[in-house]
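**Student:** Take a look at this one; I'll ask things after.
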């Protein structure tokens with residue numbers, strides 16, 4: 001019954017079938033080429049984005065390295081000043097009281 005509606009296909013000339021097959025083949029090749037080119041363009045876009053992100057990550061890592069070095073130097077300097085303050089406090093009760101200059105230095109260091 002379904003084939004009854006397709007009876008007109010028997011009247012189609014025989015040369016049409018190879019032409020239709022060729023058109024289908026050419027359409028498939030064209031579609032595959034377009035999809036391949038689109039995939040390549042998308043890949044290239046992702047490569048560019050990856051390069052940008054990688055460069056930014058390198059910048060962040062370098063900034064982190066510099067920042068950690070700065071923090072280490074600041075901590076070392078703070079430890080040095082703490083040691084100076086401790087030394088000044090230890091000197092206060094020794095032989096004589098601190099001079100006014102050393103007292104002001106100690107007050108500023110604290």
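The values are calculated or read from the model by the stated rules, or taken from the named source; none is laboratory data. This one's a predicted model, so the numbers in the text were calculated from it and none came from an experiment. Methodologically, a virtual Cβ is constructed for each residue, glycine included, from the backbone with ideal geometry; neighbour enumeration extends over all protein chains shown.
**Student:** Among residues belonging to the range 1-51 that are loosely packed, with under 10 Cβ neighbours inside 10 Å and outside any helix (DSSP H, G or I), point out the one that is modelled with the lowest pLDDT.
**Tutor:** Checked the range 1-51; the qualifying residue modelled with the lowest pLDDT is 1.
**Student:** For residue 82, are the conditions met, namely being within 43 Å of the chain's Cα centre (by Cα), on the phi < 0 side of the Ramachandran plot, assigned to a helix (DSSP H, G or I) and at pLDDT 95 or above? Don't jump to the end; show me each part of the working.
**Tutor:** Details: within 43 Å of the chain's Cα centre (by Cα): yes; on the phi < 0 side of the Ramachandran plot: yes; assigned to a helix (DSSP H, G or I): yes; at pLDDT 95 or above: no.
So residue 82 does not fit the description; no.
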